[in-house]
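Q: Below are the structure tokens for one structure; questions will follow.
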């Protein structure tokens, strides 16, 4: 009986943390940066996973949006589920871990670390779908 109560309490506590944080509106500066990267590109079909070889060049736009550069003409956009508290703050970095796979996928957990304070974890979030944005003259996959 005790384990059931503890499990129910833990589940309700975790669900409250995960869904109480509504994404913050995009700042004018972040909107301008996102437009700069995606201008003239066409959105493709959302994908559940992003192969890890495409995840090497990450661009944090704000607490809600992360881009991955795939060559010169393609970016993959993901919206962090519920936002990623503190990610857009200078001195913060997003750390991802792959376990048994070479991909980042929707629902994978990422952790925010404070690089100025010795790498302490300060938050966490999960990835949404990955949407490819392809530039003119590039064949879409």
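Q: Test each condition in (1) surrounded by 11 or more Cβ atoms within 10 Å (Cβ to Cβ); (2) farther than 23 Å from residue 95 by Cα; (3) at pLDDT below 90 for residue 43 and report the one that comes out false.
A: Result: residue 43 passes all but (3).
Q: Does region 108-120 hold any residues that are touching a strand residue (DSSP E or B) at 6+ places or on another chain (Cβ under 7 Å) and in a loop (DSSP other than H, G, I, E, B), and which are they? Working first, answer last.
A: Here is the first cut: in region 108-120, the ones touching a strand residue (DSSP E or B) at 6+ places or on another chain (Cβ under 7 Å) are 108-115, 119-120.
Correct list: 108, 119.
Q: OK, next. State yes or no: is residue 77 touching a strand residue (DSSP E or B) at 6+ places or on another chain (Cβ under 9 Å), outside any loop (DSSP other than H, G, I, E, B) and under 15 Å from residue 128 (Cβ atoms)?
A: Numbers: touching a strand residue (DSSP E or B) at 6+ places or on another chain (Cβ under 9 Å): yes; outside any loop (DSSP other than H, G, I, E, B): yes; under 15 Å from residue 128 (Cβ atoms): yes.
Taking the combined requirement at face value, the residue satisfies it.
Q: Report whether or not residue 67 is surrounded by 12 or more Cβ atoms within 10 Å (Cβ to Cβ) and at pLDDT below 90. Steps first, answer last, please.
A: On the way: surrounded by 12 or more Cβ atoms within 10 Å (Cβ to Cβ): yes; at pLDDT below 90: no.
When the stated conditions are applied, residue 67 does not pass them.
Q: Let me ask something additional. Select, from 123, 83, 88, the only residue that is assigned to a strand (DSSP E or B), buried (at least 16 other Cβ atoms within 10 Å of the Cβ) and at pLDDT below 90.
A: One residue alone meets the criteria, 123.
Q: Answer yes or no as to whether residue 111 is surrounded by fewer than 19 Cβ atoms within 10 Å (Cβ to Cβ) and in contact (Cβ under 8 Å) with a residue 40 or more places away in the chain. So that I can check it myself, show each step before the final result.
A: Numbers: surrounded by fewer than 19 Cβ atoms within 10 Å (Cβ to Cβ): yes; in contact (Cβ under 8 Å) with a residue 40 or more places away in the chain: no.
Here the answer is no, as residue 111 does not meet what is asked.
Q: Separate question: Is at least one residue of region 46-61 part of a helix (DSSP H, G or I) and loosely packed, with under 15 Cβ neighbours inside 10 Å? Spell out the reasoning first.
A: Step one: filter region 46-61 for residues part of a helix (DSSP H, G or I), giving 52-54.
Filter once more, keeping what is loosely packed, with under 15 Cβ neighbours inside 10 Å: 52-53.
Yes, region 46-61 has at least one match.
Q: Does region 95-107 hold any residues that are buried (at least 18 other Cβ atoms within 10 Å of the Cβ) and either out of contact with any helix residue (DSSP H, G or I) (no Cβ under 7 Å at 6 or more places or on another chain) or outside any strand (DSSP E or B) (or both), and which are they? Explain how you work it out, then say what you get.
A: Here is the first cut: in region 95-107, the ones buried (at least 18 other Cβ atoms within 10 Å of the Cβ) are 104.
Within region 95-107, none qualify.
Q: Among what's in region 14-40 and is part of a loop (DSSP other than H, G, I, E, B) and surrounded by 13 or more Cβ atoms within 10 Å (Cβ to Cβ), pick the residue that is modelled with the highest pLDDT.
A: If we filter region 14-40 for residues that are part of a loop (DSSP other than H, G, I, E, B), which is where we start, we get 21-27, 39-40.
Narrowing further to those that are surrounded by 13 or more Cβ atoms within 10 Å (Cβ to Cβ): 21, 23-24, 26-27.
Numbers: 21: 49, 23: 53, 24: 64, 26: 82, 27: 88.
My answer is 27.
The values are calculated or read from the model by the stated rules, or taken from the named source; none is laboratory data. Computed from a predicted structure; not experimentally measured. Neighbour counts are summed over all protein chains in view; Cβ atoms, including those assigned to glycine, are modelled from backbone coordinates with ideal geometry.
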